[in-house]
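Written out below as structure tokens is the structure these notes cover.
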Amino acid sequence: MFSRTSYGLRVNVNTLPPSIVSVFAPATVANVGSAFDVLGFALESPGDTVTARRTESNNIIVTKITGDEGRLPLDAEKNTAGVSIRALLRHLASTDPNRYPSVGFELELTKGLPIGSGLGSSSASTVAAVVAANELLGCPLTRAELLPFAMEGERIACGAAHADNVAPCLLGGFALIRSYDPLDVISLPSPASVWVAVVSPHLELKTFDARRVLRRNVSLEAAVAQWGNVAALVAGIYQDDVALMGRSLEDRIIEPERAELVPGYLTAKAAALQAGAAGCSLSGSGPSLFALCASEELARAVSVTIVKSFGALGITATGYTSRVNATGAVVIKRS
Ligand code: HSE
């Protein structure tokens, strides 16, 4: 019997798909400074875990959510994980109506990511859920093929099916969205020299609101500066050049508008650069920040500096340090 793995290879397997799987999906940094909506990368941790069980009921049921302080909907029609799996099942049924005559899932979600933090919280839950469902169905789709269904979760979460969190969360490393229509996603290398300091101030900023403030028109001058930076950022990733990546984070279009939404952001960014970070920007739509650093030691020091900077304003914050995670979501248990 042949089956496809989640990476699209065909391998000889003699086992049936598992009936229960647990999948860990990591935090992601979207935009990466200058590359609004078109670039993101995965962190090693923190992240969310989904444990899914296949049932014969035709229903998707979210049985339990922990770590969300009761804020996420258990109703699978409103939950990003449920919505994405429903979209996946619809697609599979449309391509082969007889293959999955009766299939449902029970999902248990453990949130390790703060909600509304700019670390791709909704993406991590969604990706963990679709990867788990795909595994339970015997991996009919590759990771890349799961992307449009995970994007449906983003549509529910923030009103826009952007892919710069879900793509790196699914695929690992840096993911570049060259085009949304048609969807064209390119996996970039994971630069080995880069360490990332990420700090999440204990504030909440909904992506929906942080998108609403953005103006619709940009000047040609700003656009020229922006695409120069995006191109140089990609060059920096390929060359594993932390300094080039750092200075290419410069964002002339989005950051000036969003900086005002995060109290203390510009001061914290200045402190991070002063402490030796190669570059610093908002993570996704904020309020979290990320800073690119040339060593683990420096990333830890920069993280502490940013936390202190927020602390001086009376804002508590949690700091993380990580390398770029080349793997993305992983199956951590199957039975
Ligand atoms: N590209 C999205 C935005 C990411 O900035 O709105 C949200 O995490």
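Things to note:
- GNM result for the chain, Cα springs below 10 Å: residue of E56, E106, E135 fluctuating most strongly: E56
- Sum of -39500 (n - 2.57) over DSSP H runs of 4+, divided by residues of the chain (222 nm, nearest 500): -10500 deg cm²/dmol
- Filtered trypsin sites (Lys or Arg not before Pro), the range 213-294: DSSP coil and at most 15 other beta carbons within 10 Å: R215, R216
- Kirkwood hydrodynamic radius of the range 56-133, from the reciprocal of the average inverse Cα-Cα distance over all distinct pairs: 13.1 Å.
- Straight-distance crosslink candidates among lysines, where the alpha carbon sits under 29 Å from K333 and sequence neighbours closer than 8 are dropped: K64, K78, K111
- Cα point-scatterer Debye curve for the range 274-335, base-10 log of I(q)/I(0) at q = 0.15, 0.22 Å⁻¹: -0.54, -0.94
- Alpha carbon Rg of the range 195-323, scaled by the compact-globule rule 2.2 N^0.38 Å: 1.04
- In the context of the full set of protein chains, residues of the chain present 42 Å² of accessible surface per residue (probe radius 1.4 Å, heavy atoms only).
- Using the Karplus relation 6.51 cos²θ - 1.76 cosθ + 1.60 with θ = phi - 60°, the per-residue 3J(HN,Hα) values for the range 267-277 come to 5, 5, 5, 4, 5, 5, 5, 4, 7, x, 5 Hz, with x marking Gly and Pro.
- Cα-centred dipole magnitude for the range 195-323, charges only on beta-carbon of K, R (+1) and D, E (-1), debye, nearest 20: 300
- Tilt relative to the chain, helix 143-158 - C-alpha long axis, 0 to 90 degrees, to 10: 70
- Of the accessible area of the chain, computed with a 1.4 Å probe over protein heavy atoms only, carbon and sulfur atoms account for 54 percent.
- Stokes-Einstein diffusion for the chain, with the hydrodynamic radius set to the Kirkwood value over Cα pairs and evaluated at 25 °C in a medium of 0.890 mPa s, equals 122 µm²/s.
- Relative contact order (%) - the chain, alpha-carbon pairs under 8 angstrom, separation at least six: 25
- Between the residues P191, N59, S281, the greatest Cα displacement towards the positive end of the dipole of the chain, with unit charges on the Cβ of Lys, Arg, Asp and Glu, is found for N59.
- Charging the Cβ of each Asp and Glu at -1 and of each Lys and Arg at +1, and nothing else, the dipole of the chain about its Cα centre rounds to 400 debye.
The values are calculated or read from the model by the stated rules, or taken from the named source; none is laboratory data. Keep in mind that what you see is a predicted model, and the values were worked out from it rather than measured. We place every Cβ from the backbone using ideal geometry, glycine too, and count neighbours over all the protein chains shown. These area figures cover heavy atoms from the full protein model, side chains too; ligands, DNA and RNA do not enter into them. Shrake-Rupley method; radii C 1.70, N 1.55, O 1.52, S 1.80 Å.
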